[in-house]
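**Q** Just passing along the structure, written as structure tokens.
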Amino acid sequence: MQPNVAMFMEPAANDWHLVELVVKNFGRTPAYGIRFEFANPPTVGKYENSSGDRHIDIVPLNLPAEIPYLAPSQEWRIVWDSALDRRELGEAIASRFDGAVTCYGRPPNDRAPKRKREQFRSTALLDWATLHPVERLELLTTHDLARQEKQKLELLRNLLTYYHYAASESREEVLRVEINRVRAAADELRDRYRDQYDSAPDHDPPPEHNPPPHRNPPSDQEPPPRRKPPSDQEPPPDRNPPSDQEPPPDRNPPADQKPPPDDTTPDNDANFDDAPTQVIDGRHRRGLDRTG
């Protein structure tokens with residue numbers, strides 16, 4: 001029947017990359033006057049006051065001097081740092097901290113003469129290397145979005161400051177140097193992002209769009225040669241005969257046009273063509289009067 005207070009680090013329930021420092025009473029009696037003991041206090045990067053040269057101050061974590069009371073199964077927690085932010089700092093910030101937490105099993109105003117106020121102590125080892133790798137997932141939480149917007153505003157402010165000082169110059173050669181410098185920086189940034197996009201294995205190149213072939217090739221392009229038929233095969237007849245070739249005779253001549261002479265007409269009927277004829281039901285009738 002005594003308090004059992006432990007201190008450990010745990011990822012936040014909502015944002016997995018945020019790590020919290022937790023102090024919890026696992027005992028069956030309350031704990032009083034909980035205090036922290038560290039040889040080297042936990043540190044955190046002070047991103048809100050970072051300078052323009054990307055230098056981030058490393059400051060101790062803001063811990064209270066004392067936690068007055070923890071009931072059984074009650075816990076106290078504070079957001080320590082982001083695993084993504086500490087990965088950017090690398091070896092510039094420590095990752096292992098040895099410490100302890102002390103507490104009492106009786107309140108400080110308990111002055112029972114026969115009972116001494118006993119102190120309990122529990123050691124702890126806080127190590128960021130024991131957490132899950134932060135490369136497993138990249139999440140854009142509200143914290144990350146707010147930091148990105150802040151960085152964009154800082155970039156815009158620096159650009160406006162640069163323009164303010166550069167535009168105050170009246171010498172043409174100096175302005176030309178500044179223009180070339182800004183253009184070179186923009187080209188370098190564009191090429192770097194283009195190289196990162198091309199070298200990414202997850203992005204497949206977009207499929208090339210092959211336009212349909214033109215039916216009418218350009219004037220500067222030679223038309224494809226025609227295929228020659230085999231020697232044992234006769235070429236197909238030309239649908240458009242030359243102008244010097246007579247067209248085939250019309251099978252159905254007009255009514256007012258005389259039909260061509262028939263070569264099969266016997267010689268004894270020489271006056272066959274001179275006889276008056278009339279077309280009746282598509283046939284020529286001989287010996288009929290035109291007015292009849």
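**Q** Given the structure, is Asp98 assigned to a strand (DSSP E or B) and not aromatic (Phe, Trp, Tyr)?
**A** Answer is yes for this residue.
**Q** Working only within region 1-44, note down all residues that are part of a strand (DSSP E or B) and within 33 Å of the chain's Cα centre (by Cα).
**A** Residues satisfying the conditions are Glu10, Pro11, Leu18, Val19, Glu20, Val44.
**Q** Here's something else I'd like to know. Count, please, the residues in region 52-92 that happen to be in contact (Cβ under 8 Å) with a residue 24 or more places away in the chain, within 16 Å of Leu131 (Cα to Cα) and either more than 45 Å from the chain's Cα centre (by Cα) or not in a strand (DSSP E or B) (or both).
**A** Total satisfying the criteria: 5.
**Q** If I ask for residues that are touching a Phe, Trp or Tyr at 6+ places or on another chain (Cβ under 7 Å) and modelled with pLDDT under 85, which ones from region 38-85 would you list?
**A** Ile56, Asp85, listed by residue number.
The values are calculated or read from the model by the stated rules, or taken from the named source; none is laboratory data. Just so you know, these numbers come straight off a predicted model, no measurement behind them. Heads up, the Cβs are rebuilt from the backbone with ideal geometry, glycines too, and the neighbour counts pull from every protein chain shown.
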